[in-house]
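Step one of this worksheet: look at the structure below.
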Ligand code: X6L
Ligand code: MG
Ligand code: MG
């Protein structure tokens, strides 16, 4: 069995209902079980700032699906929830992103895991660290909690001196 973390975001219509529907859809997907949820956070839009505030959450799930099967399931759920891709980074009914899949590092055309920009996004890190306080970035070996603390302090790791 594999463990994955997903980020879910929405800023259109009945946002709470979209989150509820997305979690329900995950729970009823074959090959996905024990979906655990963070709290729901209201977050200022990032990227395109001239749009409605988001609701964001993170879920942890156990799955027999491969990362690419999980991606296909996420995209299926997004389309079931009426997602229409028009403006890049624009308003959406439901966005399901794979953050982590075990400690795997996947770099492909269609999927990057860990999610390449998750550490820059408080709307991901805050619900993630609530759900998994000791969760570690498989690339850097640092806890996401530390990444968040550095971000909030305006302090960014510039260079390690490991091995010096
Ligand atoms: C410069 C250029 C700085 C681009 C930031 C950041 C782009 C985040 C896209 C960026 C940049 C994103 C959500 C969101 C989006 C969400 C909140 C994205 C993709 N999704 N804002 N913006 N929650 N609060 O789920 O994350 S668009
Ligand atoms: Mg996203
Ligand atoms: Mg997405």
inquiry  = If the requirement is being surrounded by 20 or more Cβ atoms within 10 Å (Cβ to Cβ), touching a residue at least 60 places away in the same chain (Cβ under 8 Å) and within 16 Å of ligand 1 (Cβ to nearest atom), which of these qualifies: 12, 118?
reply    = 118
Every residue from the stretch 6-19 that is under 23 Å from residue 129 (Cβ atoms) and more than 16 Å from the chain's Cα centre (by Cα) = 15, 16
task = Of the numbered conditions (1) touching a residue at least 24 places away in the same chain (Cβ under 8 Å); (2) under 24 Å from residue 84 (Cβ atoms); (3) out of contact with any helix residue (DSSP H, G or I) (no Cβ under 8 Å at 6 or more places or on another chain); (4) away from ligand 2 (no atom under 16 Å from the Cβ), residue 29 fails exactly one; give the number of that condition.
result = (3)
request  = Determine, yes or no, whether residue 47 is touching a strand residue (DSSP E or B) at 6+ places or on another chain (Cβ under 9 Å), within 12 Å of ligand 1 (Cβ to nearest atom) and closer than 24 Å to residue 120 by Cα.
outcome  = no
message = Residues that are within 16 Å of ligand 3 (Cβ to nearest atom): list the strands (runs of 3 or more DSSP E) wholly contained in the stretch 1-100 that include at least 3 such residues.
response = 2-10, 54-63
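Read the figures in this text as sums done on the coordinates, not as results from a lab. The structure displayed is predicted, hence computed values, not measured ones. Neighbour counts run over all protein chains shown; Cβ positions are idealised from the backbone, glycine included.
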